[in-house]
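The values are calculated or read from the model by the stated rules, or taken from the named source; none is laboratory data. Because the structure is predicted, anything quoted here is derived from the model rather than measured. Positions of Cβ are generated from backbone atoms using ideal geometry, with glycine treated the same way; all protein chains shown enter the neighbour counts.
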Amino acid sequence: MTDQCFSSELLHLEQALSRILKVVQPIKGIEKKSLKNALGRVLAQSIYSPINIPPDRNSAMDGYAFASDNIVKNKNFTLTHVGTSWAGKPFAGKLLKGQCVRIFTGAVMPENSDTVIMQEQAEVNQCEITFPENCQAFDNVRQAGGDVKQNSCLLASGKKLTAVDLGLLASAGIHSVEIKRKLRIAYFSTGDELIAVGESLITGKIYDSNRYLLFGLLENTCIEAVDMGVVADDKVLLEQAFLSAANAYDVILTTGGASVGDADYIKEILAKLGQVNFWKVAMKPGKPVAFGHINNCIFFGLPGNPASVVATFDKLVLPALQKMVGMQKKSVLRFKATCQKILKKQSGRQEYQRGILTQHPDGTYSVISAGGQNSNQLKSFSQANCYMVLAAEETEIAVGEKIWVEPFERFI
């Protein structure tokens, strides 16, 4: 059976994404922020370490530091305890042959020392410290620059700053960074059938779930998103909404109105005000996707069905937004899992069915459908934790077959 929605006009997903990524460019505009205000933002410039990390040789253990030439092979040996090196208060003297110092984790290694033996291995008798015969030279010492060398790249441009990154920057004494400004996005729903959550439902109407979807999908430290509400299926009102948003935002996202019905005006208006790059993609869910621009504002017209909104956002919109905020390119995690129940589809479009992925004790993976796969069905998306990626030409996947899966990951 062939999908009747398929035609030569449809772009394959990879072609559509390639077109999008050729058009969109990283936004201009840089902000300088303190570390605590930079979490989750994208670095505008690479950062080089002004110091070695750690800055000094130091101990990795609580124990005793001494020179390795004191070690006696295959025999216990005893050294004289002559002082202490504390974290933040180094031993001020110089070790001589036959001497050791008490040292604590993170404390600077005394001059002429290169080995630390943990305190549990040492036998203390007043100032005489005896060490076992199996001591290894150079143990438990962190070298200066062992983590990061001075003037080496600490973090590359395009890195989205994590909590660990903040700690790394702070360890180099860096207190502020230059980051990309936030991406400004306007979004709205279209359709006379939509009513607001909280209103009484009447025949012929449905609640507008798509704006809540987009609110959640766009909730990100790199984005400033504005909800423009619901715009009726009226050419004049839609045109006004587009012009208003295009003058103030980097991206416009709409849901609904991108199909071919008599009241679907998105493509027509976009062609009038700007340029349409494409408006149909050979993927399911999510065939009617319009992409283009109005002046310098990028436009995505997503389908009206909510499952299609999520899938097209993940596969087409998200990579574009990542590029626009200046992020390093991210690859999609994909691997194979064993299909547990028969899957069926029509040929013609690559499908992203919702699945539940399980890892078994032996490390293998299996996957099963999360439920209904129609483009209006959100419950299966809520229960799913992955996409089951089914090639355009496939029509049936048997139990026990290996199929590609992509765990959900929507972080920008």
Would you check if G372 is touching a Cys at 6+ places or on another chain (Cβ under 7 Å), within 27 Å of N210 (Cα to Cα) and not assigned by TED's automatic domain parsing to the domain that holds G304?
no
I103: surrounded by 13 or more Cβ atoms within 10 Å (Cβ to Cβ) and touching a His at 6+ places or on another chain (Cβ under 8 Å), yes or no?
no
Members of the stretch 316-331 found to be assigned to a loop (DSSP other than H, G, I, E, B), under 12 Å from the mean Cα position of the chain (by Cα) and surrounded by 13 or more Cβ atoms within 10 Å (Cβ to Cβ), listed by number
M327, Q328, K330
Across (1) in a strand (DSSP E or B); (2) of a type outside the set (F, W, Y); (3) not assigned by TED's automatic domain parsing to the domain that holds A246, I298 clears everything bar (3)
Inspect all residues belonging to the stretch 231-244 and state whether any of them is in a strand (DSSP E or B), surrounded by 13 or more Cβ atoms within 10 Å (Cβ to Cβ) and not β-branched (V, I, T).
no
In the stretch 195-221, residue modelled with the lowest pLDDT [restricted to those that are charged (D, E, K, R) and over 30 Å from E409 (Cα atoms)]
E199
Check F77 against each of (1) under 20 Å from N58 (Cβ atoms); (2) in contact with a helix residue (DSSP H, G or I) (Cβ under 7 Å, 6 or more places away or on another chain) and name the one condition it does not meet.
(1)
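List the strands (runs of 3 or more DSSP E) that sit entirely inside the stretch 150-227 and contain at least 2 residues that are in contact (Cβ under 8 Å) with a residue 60 or more places away in the chain, within 24 Å of N296 (Cβ to Cβ) and among the basic types (K, R).
none
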By residue number, the members of the stretch 123-140 that are under 52 Å from the mean Cα position of the chain (by Cα) and either in a loop (DSSP other than H, G, I, E, B) or of a type in the set (D, E) (or both) are E123, P132, E133, N134, C135, Q136, A137, F138, D139, N140
